[in-house]
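Bear in mind that the values in this text are calculations on the coordinates, not laboratory data. Not measured: the values here are computed from a predicted model. As a convention, Cβ positions derive from the backbone with ideal geometry for all residues, glycine included, and neighbour counts pool all protein chains shown.
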Amino acid sequence: MVNSLEKQGIEAKRTTNNSPKGDILIVDKEDAARVRKILRNLNEKING
């Protein structure tokens, strides 16, 4: 996921606190809305 975000120009890093949900740190808070949209679209694509 981090690689996908970076390809779209969004700087992100994987956190290291071993969350089973896979935490991602978004460096620029201005990108948060774009990331939510990307995740919603991915979720719809996977879950129909």
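What distance in nm separates the simple spin-label points at N43 and T15, each placed 7 Å from Cα in the Cβ direction?
Simple spin-label model gives 1.7 nm for this pair.
Expressed as a fraction of 2.2 N^0.38 Å, the rule-of-thumb size for a compact globular protein of N residues, what is the C-alpha radius of gyration of the chain? Before the final figure, lay out each step's value.
Details: Rg = 11.1 Å, N = 48, 2.2 N^0.38 = 9.6 Å.
Here the answer is 1.16, to two decimals.
For every helix of n ≥ 4 consecutive DSSP H residues, a contribution of -39,500 (n - 2.57) applies; sum these over the chain, divide by its total residues, and give [θ] at 222 nm rounded to the nearest 500 deg cm²/dmol.
Calculated at 222 nm, the ellipticity per residue is -14000 deg cm²/dmol.
Using 0.36 nm times the number of residues separating L25 and V2, minus their current alpha carbon distance, what extension gain do you get?
Difference between extended and current length: 7.4 nm.
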